[in-house]
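S.K.: Have a look at this one.
Just so it is clear, none of the values below were taken in a lab; they were calculated from the coordinates. Quick caveat, the model's predicted, so the values are computed rather than measured. Every residue, glycine among them, receives a Cβ derived from its backbone with ideal geometry; neighbour counts consider all protein chains shown.
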Amino acid sequence: MSNKFPLTGFSSIAIHSGHEQDANYSHLTPIYASSTYVFDNAEQGMRRFNGEEKGYIYSRWGNPTMTEAEEKISALESFEVKDKNGEPIKLKTILHASGMAALSTLMLGNLKAGDKILTHFSLYGGSQELMEKVLPQLGIEAIIVDLRDLNKAEEALKNDSKIKLLYLETPANPTIQCVDIEKLTKLGRQHNLIVAVDNTFATPYLQQPFKYGVDYVFHSTTKFLNGHGTAIGGALVGRDIEHMEGRMTKVHRLLGGNSNPFDAFLLVQGMKTLEVRMERHCHNAMEVAGFLEQHPSVSKVNYLGLTSHPDHYTATKQMIHPGAMLSFEMKDGLDAGKKFINKLQMCVRAVSLGTCDTLLSHPASMTHYGVPKEKREQYGITDGLIRMSVGIENIADILNDLNRSLP
Ligand SMILES: Cc1ncc(COP(=O)(O)O)c(C=O)c1O
């Protein structure tokens, strides 16, 4: 962090960390739209290449606008997190073109043919497909169990010494299930596993997996970190600085999933308001969940803030608020789901999540349209299920739109 004055609050750090005084005294770090950087002479080029002199070389490797975003993410994920000796932890973030690019660097930088991943059955569809359709071709397999049951995780590890990486997504997309980061990380440590957490739904404001000793956190910055739906992006955050600066930086540069200064600029501005946005998102989500729970056309509401959610306790343990994501089931199934979503006037019909505006999707007619009913129902995606990313509009307007659209 460049700031010399000690900052104590999450938002102060979100706003000021990573910012370096610009050479032209620009208030905000400009969008450095330059693919390459100039050397005064060959000797300087040599010093930069061999790391004797700090400085940018080529934007696939790094760029000042991207650096500010990376340093902010490291500062937020490590905010008030201490190591075993009570010292503040240090993290290194590598910004990527998308969440999937960051996940690819994580997997390809750490695993080789014959290695296995242990993960939960409810995951973002893209992450699941990477593990089912791409990694197996490289000889890397995923073992999928219900990680909410620690006995099942232990049994899988006892039976398979090839498991090298424990991959957690909590809360998970789209079911909003949670797994226990602390207990699973402890178990992972006993088996010498690398532990990685997708922290996209929670953000470092609500949940900090590094508190429990995980090795990596990964984000789709496309969502709450950007917060405004203006750019696709991803971040890989690691606690082993040497490994991040060595092997992982090499893999990131060679795979070429780099971010760009325009998207990084948007991300930097978005992250400055993360705390205030998340407070409002979570407040609104709780109100929406309460309203839906009482509504006669809704048969079930899945929200971590409700005691009826099976993972309510786990969420309370590791998140400061239950987040902005919820889903609910319409009593009358597919047609009711379609009719409801078509009637919305202010809330937006779209996939993705984490934006200021409220987004709703109907998986059975959208993301999971091509998936056979029996298969999607195994993952809890029923005909009438609606997924909702609750925005930060005034709550009365969100509730009014839902009320006039529900039968
Ligand atoms: C939880 C989660 N992880 C990862 C991703 C992938 O991120 P991206 O779309 O930025 O590649 C998504 C995308 O929706 C997601 O929801």
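S.K.: How large is the dipole of the chain about the Cα centre if only Lys and Arg carry +1 and Asp and Glu carry -1, each at its Cβ, rounded to the nearest 20 debye?
M.R.: The dipole magnitude comes to about 420 debye.
S.K.: A further question follows. Based on alpha-carbon centroids, what's the gap between the stretch 1-80 and the stretch 159-225 in Å, whole number please?
M.R.: First find each Cα centre; the distance between them is then 27 Å.
S.K.: Let me ask something else about it. Roughly how far apart, in whole Å, are the Cα centres of the stretch 134-158 and the stretch 328-407?
M.R.: 31
S.K.: Just want the ordering: 241, 163, from fewest to most Cβ atoms lying within 10 Å of their own Cβ.
M.R.: Taking fewest neighbouring Cβ atoms as first place, the list is 241, 163.
S.K.: Taking the Cα centre of the stretch 298-371 as origin, work out the dipole magnitude from +1 charges on Lys and Arg Cβ and -1 charges on Asp and Glu Cβ, in debye rounded to 20.
M.R.: 100
S.K.: Ok, one more. Could you grab the Rg to Rh ratio for the chain? Cα atoms only, Kirkwood for Rh.
M.R.: 0.98
S.K.: Out of 176, 110, 231, whose Cα points farthest toward the positive end of the dipole of the chain (charges: +1 Lys, Arg; -1 Asp, Glu; placed on Cβ)?
M.R.: Checked the options; the winner is 110.
S.K.: Give, rounded to the nearest 20 debye, the magnitude of the charge dipole that the stretch 331-407 has about its Cα centre when Lys and Arg contribute +1 at Cβ and Asp and Glu contribute -1 at Cβ.
M.R.: 200
S.K.: Can you tell me, using C-alpha contacts under 8 Å and at least 6 residues apart, the relative contact order of the stretch 339-407 as a whole percent?
M.R.: 41
S.K.: I've got another one for you. Say we join alpha carbon atoms closer than 10 Å with springs in a Gaussian network model of the chain; which of 134, 268, 301 then has the biggest fluctuation?
M.R.: Largest GNM mean-square fluctuation: 134.
S.K.: Using Cα pairs under 8 angstrom and six or more residues apart, how large is the relative contact order of the chain, in percent?
M.R.: Rounded, it is 16 percent for the chain.
S.K.: Take every DSSP beta bridge with both residues inside the chain and express the antiparallel ones as a percent of the total, to the nearest 5.
M.R.: Counting DSSP beta bridges with both partners in the chain, the antiparallel share is about 55 percent.
S.K.: Can I ask one more? Relative contact order for the stretch 199-306 using alpha-carbon pairs under 8 Å, separation at least 6, rounded to a whole percent?
M.R.: Result for the stretch 199-306 is 23 percent.
S.K.: Continuing with the same structure: How big is the antiparallel share of DSSP beta bridges in the stretch 186-309, given as a percent to the nearest 5?
M.R.: 60
S.K.: May I have the count of lysine pairs in the stretch 275-405 with C-alpha atoms under 30 Å apart, counting pairs 8 or more residues apart or located on different chains?
M.R.: 17
S.K.: While we're looking at this one, here's another question. First measure r as the distance between the Cβ atoms of residue 83 and residue 33, then evaluate 1/(1 + (r/R0)^6) with R0 = 41 Å and state the FRET efficiency to the nearest 0.05.
M.R.: Working from the Cβ atoms, E equals 0.60.
S.K.: Out of 406, 363, 378, whose Cα points farthest toward the positive end of the dipole of the stretch 349-407 (charges: +1 Lys, Arg; -1 Asp, Glu; placed on Cβ)?
M.R.: 378
S.K.: Just in the stretch 58-134: which trypsin sites (Lys or Arg not before Pro) are loop by DSSP and have at most 14 other Cβ atoms within 10 Å?
M.R.: Passing sites in the stretch 58-134 are 84, 90, 112.
S.K.: If R0 is 51 Å, what FRET efficiency do you get for residue 312 and residue 53 from their C-beta distance, rounded to 0.05?
M.R.: 0.45
S.K.: OK, next. Which cross-chain or sequence-distant (5 or more) residues have an amide H under 5 Å from the amide H of residue 18, H modelled 1.01 Å from N in plane?
M.R.: 2, 3
S.K.: How large is ³J(HN,Hα), in whole Hz, for each residue of the stretch 370-376 in order, when computed from phi with the Karplus curve 6.51 cos²θ - 1.76 cosθ + 1.60 and θ = phi - 60°, using x for Gly and Pro?
M.R.: Whole-Hz 3J(HN,Hα) from phi for the stretch 370-376: x, 8, x, 3, 4, 5, 5.
S.K.: Still on this structure, please answer the following. Please arrange 81, 38 by counting, for each residue, the other beta carbons lying within 10 Å of its beta carbon, fewest first.
M.R.: 38, 81
S.K.: Out of 313, 156, 6, whose Cα points farthest toward the positive end of the dipole of the chain (charges: +1 Lys, Arg; -1 Asp, Glu; placed on Cβ)?
M.R.: Checked the options; the winner is 156.
S.K.: Per residue of the stretch 230-241, what does 6.51 cos²θ - 1.76 cosθ + 1.60 with θ = phi - 60° give for ³J(HN,Hα)? Whole Hz please, x for Gly and Pro, Karplus curve as stated.
M.R.: Result, ordered by residue: 9, 7, 7, x, x, 9, 10, 10, x, 9, 8, 4 Hz.
S.K.: Within the stretch 301-345, list the trypsin sites (Lys or Arg not before Pro) lying in a DSSP loop whose Cβ has at most 15 other Cβ atoms in a 10 Å radius.
M.R.: Of the trypsin sites (Lys or Arg not before Pro), the ones in loops of the stretch 301-345 whose Cβ has at most 15 other Cβ atoms within 10 Å are 331.
S.K.: Pull out the extension gain between residue 403 and residue 279, defined as 0.36 nm times the separation in residues minus the alpha carbon to alpha carbon distance; nm, one decimal.
M.R.: Full extension from residue 403 to residue 279 adds 42.3 nm.
S.K.: Now a separate question. Set the Förster distance to 41 Å, then compute FRET efficiency between residue 242 and residue 11 from the Cβ-Cβ distance, nearest 0.05.
M.R.: Taking R0 as 41 Å, the efficiency between residue 242 and residue 11 is 0.85.
S.K.: Cut-off 10 angstrom, C-alpha nodes, Gaussian network model of the chain. Which of 226, 260, 151 fluctuates the most?
M.R.: 151
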